[in-house]
1. Given a Förster radius of 41 Å and the C-beta distance between residue 221 and residue 27 as r, what FRET efficiency does 1/(1 + (r/R0)^6) yield to the nearest 0.05?
2. By per-residue mean of other Cβ atoms within 10 Å, what is the highest-first order of 184-190, 15-21?
3. Starting from 0.36 nm per residue, how many nanometres of slack lie between residue 297 and residue 90 once their C-alpha separation is accounted for?
4. Over the alpha-carbon set of the stretch 1-159, work out the extent along each principal axis and list the three values in angstrom, largest first.
5. From the backbone phi of the stretch 150-163, what are the Karplus-calculated ³J(HN,Hα) couplings (6.51 cos²θ - 1.76 cosθ + 1.60, θ = phi - 60°) in whole Hz, Gly and Pro given as x?
6. How are the Cα pair distances of the stretch 181-233 distributed, in percent, across 5 Å bins from 0?
7. Counting just the Cα atoms, what span does the chain cover along each of its three principal axes? Round to the nearest Å and put the largest first.
8. Which of the listed residues, 119, 158, 178, is farthest toward the dipole's positive end in the stretch 97-179, when Lys, Arg count +1 and Asp, Glu count -1 at the beta-carbon?
Amino acid sequence: MNLKLKHTNLIKTEAKRLGFLSCGVSKAEFLEEEAPRLESWLNKNMHGEMRYMENHFDKRLDPTKLVEGSKSVVSLLLNYYPSEFQQDKTAPKISKYAYGMDYHFVIKDKLKSLLSFIHEEIGEVDGRAFVDSAPVLDKAWAAKSGLGWIGKHSNLLTQKVGSFYFIAELIIDLELEYDLPVTDHCGTCTACIDACPTEAITEPHVVDGSKCISYFTIELKENMPSEFKGQFNDWMFGCDVCQDVCPWNRFSSPHNEPLFNPHPELLSMTKKDWDDITEETFRKVFKKSAVKRTKFSGLKRNIQFLKP
């Protein structure tokens, strides 16, 4: 077995042991196909108030500018699909990814362990771990690494498990065996486009971020635009509509990461509980949750906006 293949197999086996759903590898190089798409998306102001998307354009497209001398991008998926859901069907809804502990902490720890393993088993390898917190085009790298294809809702999709997972990567200066991309299996289906409450999916594979419910409820710090009143389908933090209607997500199975299990109170809270939520309850239920990004005042604003 050649050394590249041996190292690749070692990394993939350890990733599985750490609980990752799957692991794929691609060559660290300029993302030629993504460059015009990203430029066009930014030029059309589809990033709304997310001004940080305009920064580090070159770094977003070229991993060698993020990690000098990098040779490989190791992409990893971690399942977050829950086994239980919010019980009150009339209550404001939270995106499933935010049920448990903030994924940044959970995945960062796993990536550090994987990097340590690489150092122990392979030797001096320079690299960095990324979890949605640096200018890295996660979905593009995951697709390039053969972990799935980009669906019409712009999320990564796989035939076996759908799309309810986080994407992370290690960018390292080690040559590995590279995986090949998989084919697109969306076909003529337009379920996600048809179901989007705010018509944010303007065409296949293009999401106008400035119209997305996740953007409004998490990223937007100002007042909600009144023209979207009544269109949020009860989502108070994030939105899963385009994933919920996707036929491939009927293959989603519950995660086995205890840290992603929700606070005991979260799933049983009623519509009235949410309407009357206090800062104390907010702090208790969302102690280490991604929902803290909105702050208590932001969540109250979102809940208020859902009222007729």
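The values are calculated or read from the model by the stated rules, or taken from the named source; none is laboratory data. Small disclaimer: the values here were computed from a predicted structure and weren't measured. Cβ atoms come from the backbone with ideal geometry, glycine included; neighbour counts cover every protein chain shown. Accessible surface is based on the protein model in full, side chains and every heavy atom, while ligands, DNA and RNA are left aside. Shrake-Rupley method; radii C 1.70, N 1.55, O 1.52, S 1.80 Å.
1. The pair residue 221/residue 27 has a calculated efficiency of 0.60.
2. 15-21, 184-190
3. Working: separation 207, 0.36 × 207 = 74.52 nm, distance 2.16 nm.
My answer for the length gained is 72.4 nm.
4. Largest first, the stretch 1-159 extends 56, 40, 28 Å along its Cα principal axes.
5. Those phi angles translate into 7, x, 5, 8, 6, 8, 6, 10, 10, 5, 7, 10, x, 9 Hz.
6. Calculated P(r), rounded to whole percents: 4, 17, 26, 20, 13, 9, 5, 3, 1.
7. 63, 41, 34
8. 158
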